[in-house]
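Visitor: The following block contains the structure, expressed as structure tokens.
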Amino acid sequence: MIVVGVPESGLETVLSAMADAGAGVVGEYTHCSYTSEGLGRFLPGAAANPAVGQRGKVNQVAEVRVETFCAWEKAKAIVQAIRQAHPYEVPVIYIIPLLDEADL
């Protein structure tokens, strides 16, 4: 599973980039993902160049948590696609291995 928080303004761009790189394929379906709304909080340092918010101040931004999945061999390309499409300097990306049915 790949999880990333995205500001609402960048959601469609990031979702498309992820799908184009191979995320969210289930049988004959593509672009499969789950999203939930939340708030991201961060304090940009003096050398930061935040896409939203202000340096030196704790900021709060409406974000969408995107969860999707992929074949392990596509994970690197998907992470690269997220980094290129994401509006943040350094998006936080989680990769969570999932068990295959054969492992159960």
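Visitor: Kindly provide the set of residues from region 46-72 that are without any contact (Cβ under 8 Å) to a residue 24 or more places away in the chain and either in contact with a Gly (Cβ under 9 Å, 6 or more places away or on another chain) or hydroxyl-bearing (S, T, Y) (or both), ordered by number.
Guide: Of everything in region 46-72, those that are without any contact (Cβ under 8 Å) to a residue 24 or more places away in the chain and either in contact with a Gly (Cβ under 9 Å, 6 or more places away or on another chain) or hydroxyl-bearing (S, T, Y) (or both) turn out to be A46, R55, G56, N59, Q60.
Visitor: Something else about it: Name the residue, out of T30, T68, that is under 14 Å from the mean Cα position of the chain (by Cα) and β-branched (V, I, T).
Guide: Sole residue among the options that is under 14 Å from the mean Cα position of the chain (by Cα) and β-branched (V, I, T): T68.
Visitor: Which of the numbered conditions does L43 fail, given that it passes all the others? Conditions: (1) surrounded by 13 or more Cβ atoms within 10 Å (Cβ to Cβ); (2) closer than 19 Å to A85 by Cα.
Guide: (2)
Visitor: Hey, does region 17-37 have a residue that's in contact with a Pro (Cβ under 9 Å, 6 or more places away or on another chain) and surrounded by 13 or more Cβ atoms within 10 Å (Cβ to Cβ)?
Guide: No.
Visitor: Right, next: List the number of the failed condition for Y94; all other conditions in (1) surrounded by fewer than 12 Cβ atoms within 10 Å (Cβ to Cβ); (2) not in a strand (DSSP E or B); (3) not charged (D, E, K, R) hold.
Guide: (2)
Visitor: With the requirement that a residue be in a helix (DSSP H, G or I) and either among the small types (G, A, S) or within 13 Å of L11 (Cα to Cα) (or both), what does region 70-82 give you?
Guide: Hits for region 70-82 are A75, A77, A81, I82.
We did not get these values from a lab; they are worked out from the coordinates using the rules stated. As the structure is a computational prediction, the values presented were derived from the model and not from experiment. Neighbour counts are summed over all protein chains in view; Cβ atoms, including those assigned to glycine, are modelled from backbone coordinates with ideal geometry.
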